[in-house]
Structure formats: structure tokens, C-alpha cells
Amino acid sequence: MSMVGAEPMPFWKLREFIGQEDAEILAEAFAGRKVFVPANPREDSPIVAILGMESARRLADRLVVYGPETMRGRGCAVEVPMGGHGALGSAQRRVISMIEQDLSDSEICSRAGVCERTVRRWRARLGKSRPRRFGPDHPQVRAMAGNPSIHAAEIVERTGVTGKTACKWIKHFAAERAANMKIAAE
């Protein structure tokens, strides 16, 4: 939640001001939009219609202390945070769910419509490392990287690893590739 011309106030601060339940009600009603919070809420105020008089007064009282000078008079406009509502909250829930299912970053990106950086940040927050589907010891990797007819791009396509990793595997199995090339030539 942010005041006009002020830094954004996070959802946790809104919860602190009016409680979890009322914060979620307010976020559901006004998520991502500005709403006017009068210094002395009246029955016909939209904020009172959503929260009730007691919570609207509690919010106004806290904004007087926390908020800008403009609140001291008639009130101020505040931007209500998303608080898990809207497309962003929905995408976060999908990303978290897919991380818990141990899907790859690439799969999560395409399914949730987010970038890899977002997935990495959520993995870090959850303390979950990226799943390793393939490693240099995996028999399929050894077969592909040791086969001279398979190029790095094909390894990338089949395993979902980066091109750099595929090249490392090819380099790691260079002797095997060379031996296989010799056998193929004979």
C-alpha cells in the first residue's frame, strides 16, 4: 500500500494495521488500485462499505501516524497492494506448486508464463535447489556425449540442459567420442 508520492507500503504493513482478514478483504476489493481513506470515515465511504466502520477507523488512525502530511486533514489516497490477488499472486502460487513438484526451471517458465529469474528467486526463497535430471554419470548422457553423430544442440534438446553444459559433457567424453569415431570409420 503506498501513499501518493510515498514509498509503497507492503502487504504485511497493511496486515499489521487492520489484521489479516481485513487486509485480505481490502486487497480482494481494491488490489492494485488507489482508494481514498478519509481521516474521519463516514458510513457512506467505500472503505467503510468494504471493511466496516471499526476497521476503516483503525486504518485511518494508523495512516495518520504512518502516512503523509496530507492525511492530517481530510485523508489520503492509498494504493492497495495485490496481497496474493490478481495475476501476479496466481502466477506465484503456480510457480511454487511446480517447484514443489520438482519441475525444471524451463518447464515452470513455459507453464506459468514467468521468466527464469523469477523461478530462481522463488527456489531460493523456498530453499529448494534445481532438480538434476541428468548428470555426467547418467547412462543416457554418456551415450549421447560419447556418440560423435550427436551434436550439442541435440543434447540440449533431449535433456533440457544449457549449451554450455552439453559442451562440457562432450569435452568430458572426448576420448570416448574419438574411439567411437574410429570404430565408425572402420
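The values are calculated or read from the model by the stated rules, or taken from the named source; none is laboratory data. Every value quoted in this text rests on a predicted model; they were computed, and no experiment measured them. For neighbour counting, all protein chains shown are included, and Cβ atoms are generated from backbone atoms with ideal geometry for every residue, glycine included.
Here is how the numbers come out for the structure above:
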{"read-out": "Flag if residue 106 is within 24 Å of residue 161 (Cα to Cα) and either in contact with a Cys (Cβ under 6 Å, 6 or more places away or on another chain) or modelled with pLDDT under 85 (or both)", "value": "yes"}
{"read-out": "Checking residue 167 against (1) at pLDDT 85 or above; (2) touching a strand residue (DSSP E or B) at 6+ places or on another chain (Cβ under 7 Å); (3) among the hydrophobic types (A, V, I, L, M, F, W, C), the condition it does not meet", "value": "(2)"}
{"read-out": "Wholly within the stretch 1-101, helices (runs of 4 or more DSSP H) carrying at least 1 residues that are farther than 30 Å from residue 115 by Cα, of a type in the set (Ser, Thr, Tyr) and at pLDDT 80 or above", "value": "53-66"}
{"read-out": "Output for the stretch 160-182, where each listed residue is crowded, with 16+ Cβ neighbours inside 10 Å and among the β-branched types (Val, Ile, Thr)", "value": "161, 165, 170"}
{"read-out": "Residues of the stretch 125-152 classified as within 12 Å of residue 105 (Cβ to Cβ) and either at pLDDT 85 or above or outside any loop (DSSP other than H, G, I, E, B) (or both), total", "value": "0"}
